[in-house]
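Below is one structure, written out as structure tokens; the observations come after it.
Taken together, the values in this text are just the output of simple stated rules run on the coordinates, not laboratory data. Not measured: the values here are computed from a predicted model. Cβ placement follows ideal geometry from the backbone for every residue including glycine, while neighbour counts extend to all protein chains displayed.
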Amino acid sequence: MSRTRKSGVLLHITSLPSPFGIGDLGPCAYQFVDFLAAAKQRLWQVLPLGPTEPFGSPYAPYSAFAGNINLISPELLVEDQLLSQSDLASLGLTSAEHKSRLIARAFTNFQHTRSSLLLAEYHAFCLANKFWLSEYALFMALKSKFNQTCWVNWPSDITHRNPQALAYWRQELDQEIKERKFAQFLFYRQWQMLKAYAHRKGIAIIGDLPLFVAHDSADVWARPDLFQLDKRGLPTFVAGVPPDYYSKTGQLWGNPVYDWQVHYKENFAWWRQRIATLLKLVDLIRIDHFRGFEAYWQIPYGSATAVNGRWMPGPGSDFFAAVKTELGYLPFIAEDLGFIDAKVVQLRQQWKLPGMRVLQFAFEALKPNLHSPHAHPRNCVVYTGTHDNDTAFGWYRKADPEVQDYTRRYLGISGADIAWDLIRAALASPANSAIIPAQDLLALDSNARMNTPGTVKGNWTWRCPAGAFNEQLSHRLAELTTLYDRD
């Protein structure tokens, strides 16, 4: 039996069924781990875990270190005696926005707790995460104080981190800061419990590391010197991708770009802390926009499109050398989709990082290409689709007749069960790892799509129907997993 071939499922925590409006780290997460184990899967891939902005994108969090407190399970807080069942009923928790009220009540109860173990865990957490936790808690308390406005619009003394202003607001907002630290403690505690359970079932978790961070974030406010900003705190340049076949004006992401020279001088200390913190939560890390480590597309701030940008060198091998020295290994999957040149490929191969292959891309070209199953190297991860793709069913139904015909001929299928036809092709691939989006396991249409790149509204909202991950589905997936030697 192969020790390297494995497979798993892509399902973000928010997509789990939950009576509280958003998937969380409670019973349904544990039930999903049980499903994965029964289906002989060994990987669970999630999206970034940070606190999200109003549109819910996990790729624009308020912190590269903090967790999304909307993922905290109310039921587990009852088990910890931080809430009661009557608390849940009285709060009427039907949406994620009510979680702050719940956490506030749990914090009040925590302040009167007699549990020496819980208190010791909390103080240990605060001490171990002091390097980011204090600044994040203050940042979020200040955002609340100043009506959620961006930090560049706060009073000048706190925007520019005047020491006296920092000291004043830390004292003024002391209780709210403590509550926000407590909320992070709850998130990390619940996540690590889930991770330990997954490990006992033989399942590793793949996390996601976006290359860039949001401008309106604790990271940029706390360390503006790490980014290319002007005296007001606004970016001088922002990130994106150049015009291509899919977009005549490119993509204007708007994230500030790094001042890599400062990172070099500090031996990438901020990055090493970021990766080490994420590895407390996950086992492997998918690096989103890997190509930016070789070169990134830099656009003048204020541009209407990404057209007038230029390629700038990334940190390259120096970055990965520093991380490998720190960790002793490189726990990465390189997201190498889009415009990839020979230098990007060389960087990935130099460090022996697995890249990504997407089956939908295999057939859209109407000819053999690097995404075609027969062309997959062993050191890669194959997907039927990613969180940015349509579902397999939706993609096939909308595809041009020529693409549908090529897909049927290549796979030798009728197309009547296209989602599972692609699942079979992924599991049969030479790739060491295969990841199936949960929507494709359930053969869902475009209404279940997670994200449409280039749009802001209507994304990240898909929720899995209760009871969908049943015994029949686990048997079907387990059978193919065994057939293609991935168990």
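Distances between placed amide hydrogens fall under 5 Å for residue 237 paired with 257, 301, all partners being 5 or more residues away or on another chain. Highest mean packing comes first when the peptides 189-197, 435-443, 18-26, 108-116 are listed by Cβ atoms within 10 Å, giving 435-443, 18-26, 189-197, 108-116. Between residue 409 and residue 375, the FRET efficiency estimated from the beta carbon spacing at R0 = 22 angstrom works out to 0.85. So, counting K/R as plus one and D/E as minus one, what does the shell of residues with Cβ under 15 Å around residue 405 add up to? Net of charged neighbours comes to +1. Specify whether the C-alpha gyration tensor of the chain places it in the rounded, prolate or oblate class, a ≥ b ≥ c being the square roots of the eigenvalues: rounded for a/c under 1.5, otherwise prolate if a/b is larger than b/c and oblate if not. Oblate. Exceedance of the 21 Å cut-off in Cα-Cα distance is limited, within the set 40/201; 130/324; 143/265, to 130/324; 143/265. Ranked by the mean number of other Cβ atoms within 10 Å per residue, highest first, peptides 392-398, 172-178 order as 392-398, 172-178. Remark on residue 204: its backbone amide H falls under 5 Å from those of 43, 44, a criterion applied only to residues 5 or more positions apart or on other chains, H modelled at 1.01 Å from N.
In order along the stretch 10-23, phi translates into HN-Hα couplings of 9, 8, 6, 4, 4, 7, 5, x, 6, x, 10, x, 8, x Hz, rounded to whole numbers, per the Karplus curve 6.51 cos²θ - 1.76 cosθ + 1.60 with θ = phi - 60° and x for Gly and Pro. Which shape class, rounded, prolate or oblate, goes with the stretch 223-353 when its Cα gyration tensor gives a ≥ b ≥ c as root eigenvalues, a/c under 1.5 marks rounded, and past that a/b bigger than b/c marks prolate? Note, shape of the stretch 223-353 comes out oblate. In the neighborhood of residue 219, defined by Cβ-to-Cβ distances under 12 Å, what is the net charge if each Lys or Arg adds +1 and each Asp or Glu adds -1? Charge balance in the 12 Å sphere: -1. The Cβ shell under 14 Å around residue 122 holds other residues with a net charge of +3, Lys and Arg each +1, Asp and Glu each -1. Taking the DSSP bridge list for the chain and keeping only pairs wholly inside it, about 35 percent are antiparallel. Applied to the stretch 64-76, the Karplus parametrisation 6.51 cos²θ - 1.76 cosθ + 1.60 on θ = phi - 60° returns per-residue 3J(HN,Hα) values of 7, 10, 6, x, 7, 5, 5, 8, 5, 8, x, 5, 6 Hz, with x for Gly and Pro.
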